[in-house]
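Have a look at the structure below before the remarks.
The values are calculated or read from the model by the stated rules, or taken from the named source; none is laboratory data. Bear in mind that the values here come from a model prediction, so they are computed numbers and not experimental data. Cβ placement follows ideal geometry from the backbone for every residue including glycine, while neighbour counts extend to all protein chains displayed.
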Amino acid sequence: MIIMSVTATKQQVDSVIKELDKCGLDAVTTTSTNRAVVFPVGDESHTDLSHLLSFPGVKEVMVVEAPYRLINRELHERLGWHLDYKVRVRDLEFGGSKPIYIAGPCAVESKFQILRTARAVKAAGASVLRGGVFKPRTSVHAFQGLGNTGEAEEALFWLRVAGDDTGMSVVSEVRGESNVNLVAKYADILQIGSRNMYNQDLLTRVAKTGKPILLKRHFGASIEEFLSLAEYIAAQGNINIILCERGVVPVGKGKSFTRYLLDIGAVPVIQKETFLPVIVDPSHAAGRRDLIKSFSYAAIAAGASGLMIESCPSPAEARVDGQQQITPDELKDLIITCNGISQDVREV
Ligand code: PEP
Ligand code: MN
């Protein structure tokens with residue numbers, strides 16, 4: 001990490017970046033404090049960067065061991081940057097003073113379905129509409145979302161129209177590099193699903209769009225792995241990252257009664273480790289609608305910056321994940337209670 005002096009010029013920063021390039025390293029520069037800090041990106045283990053100290057404008061060269069540095073809270077606090085970063089999406093702020101509720105169906109199924117759902121979840125208090133077009137299904141025989149049909153672009157367009165019609169931002173999953181441009185054309189936030197958390201090429205590619213990225217934790221990933229993979233997005237100079245805890249693989253031999261094991265502790269741990277907002281998806285964690293309320297309350301009480309909940313007016317008709325979807329009426333009650341919990345927690 002190369003800390004520039006307060007008076008360093010742009011040319012001096014550029015010559016540091018040039019030198020890193022000569023050493024085979026990329027660089028991300030932050031000016032979050034009153035000085036520029038250049039973070040080398042790449043394997044610097046065999047490179048001694050101490051000679052950079054003699055470069056004009058360089059104040060300090062610091063060796064950092066953490067596998068994630070660009071999103072590391074402690075490191076930034078050492079630089080005098082005490083901040084909970086807020087990810088802006090249109091008029092919303094993830095990580096701000098109020099929880100943000102993302103809601104909608106698992107998959108966009110038709111124009112009627114997404115418009116009807118958008119109006120209902122908006123009325124319930126949601127401000128971001130979700131809907132997958134490229135669904136990551138385990139079975140090739142299962143409904144893959146409309147992304148695999150000739151209706152991919154129409155589905156994304158309906159999602160956009162439903163968002164605009166209700167004044168909501170929209171989020172949709174990118175399942176592969178070939179989907180990036182199409183999803184980015186219509187969605188405000190690009191979702192990287194659990195199964196793709198380890199897909200470094202995809203992370204790099206979505207980061208380059210400059211759009212906010214909702215990164216879901218892989219169900220087998222430690223928190224350190226989760227944050228290390230989030231760093232791939234930050235390494236492209238994009239720190240508009242919303243981290244999402246969605247449950248990990250259950251432990252033990254007997255029945256766990258839920259689809260995944262919701263790691264509530266991950267919320268405060270991630271907040272201590274990074275300055276990025278973290279939200280919780282109780283739907284994919286629980287896998288059943290009767291637990292969504294209690295999981296949501298726990299998430300907000302733990303300090304989550306928001307929730308992503310599957311909801312639609314007629315869950316029984318949903319082509320994917322109907323068993324875990326709640327109705328907009330249930331969502332409304334849930335949001336009212338969560339807002340109360342959030343306020344109580346902030347006052348403690
Ligand atoms: C989803 O949110 O649509 C989804 C597929 O979730 P996950 O990637 O967490 O399984
Ligand atoms: Mn789903």
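Among residues belonging to the range 75-96 that are free of Cβ contacts under 8 Å to residues at least 12 places away in the same chain and of a type in the set (Asp, Glu), point out the one that is surrounded by the fewest Cβ atoms within 10 Å (Cβ to Cβ). So that I can check it myself, show each step before the final result.
As a first pass, look at the range 75-96 and keep what is free of Cβ contacts under 8 Å to residues at least 12 places away in the same chain: 77-78, 82, 91, 93.
Filter once more, keeping what is of a type in the set (Asp, Glu): 77, 91, 93.
Working: Glu77: 12, Asp91: 8, Glu93: 15.
Restricting to residues being free of Cβ contacts under 8 Å to residues at least 12 places away in the same chain and of a type in the set (Asp, Glu), the top hit is Asp91.
Just one of (1) touching a Cys at 6+ places or on another chain (Cβ under 6 Å); (2) surrounded by fewer than 18 Cβ atoms within 10 Å (Cβ to Cβ) fails for Gly167. It is (1).
Conditions (1) at pLDDT 90 or above; (2) among the charged types (D, E, K, R); (3) within 31 Å of the chain's Cα centre (by Cα), marked per residue:
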| residue | (1), (2), (3) |
| --- | --- |
| Lys10 | yes, yes, no |
| Gly24 | yes, no, yes |
| Val28 | yes, no, yes |
| Ala36 | yes, no, yes |
| Ser45 | no, no, yes |
| Glu74 | yes, yes, yes |
| Leu92 | yes, no, yes |
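Screening the candidates Pro315, Pro328, Pro282 for the property of being more than 28 Å from Phe226 (Cα to Cα), crowded, with 16+ Cβ neighbours inside 10 Å and within 16 Å of ligand 2 (Cβ to nearest atom) yields one hit, Pro315. Whether any residue in the range 127-143 is assigned to a helix (DSSP H, G or I) and surrounded by 15 or more Cβ atoms within 10 Å (Cβ to Cβ) is what I want to check. Scanning the range 127-143, I find no residue that is assigned to a helix (DSSP H, G or I) and surrounded by 15 or more Cβ atoms within 10 Å (Cβ to Cβ), so the answer is no. For the range 285-312, filtered to residues that are within 15 Å of ligand 2 (Cβ to nearest atom) and β-branched (Val, Ile, Thr), the residue that is surrounded by the most Cβ atoms within 10 Å (Cβ to Cβ) is Ile309.
Within the range 190-237, the residues that satisfy the criterion of being free of Cβ contacts under 8 Å to residues at least 60 places away in the same chain, more than 22 Å from Ile100 (Cβ to Cβ) and within 16 Å of ligand 2 (Cβ to nearest atom) are Arg195, His218, Phe219.
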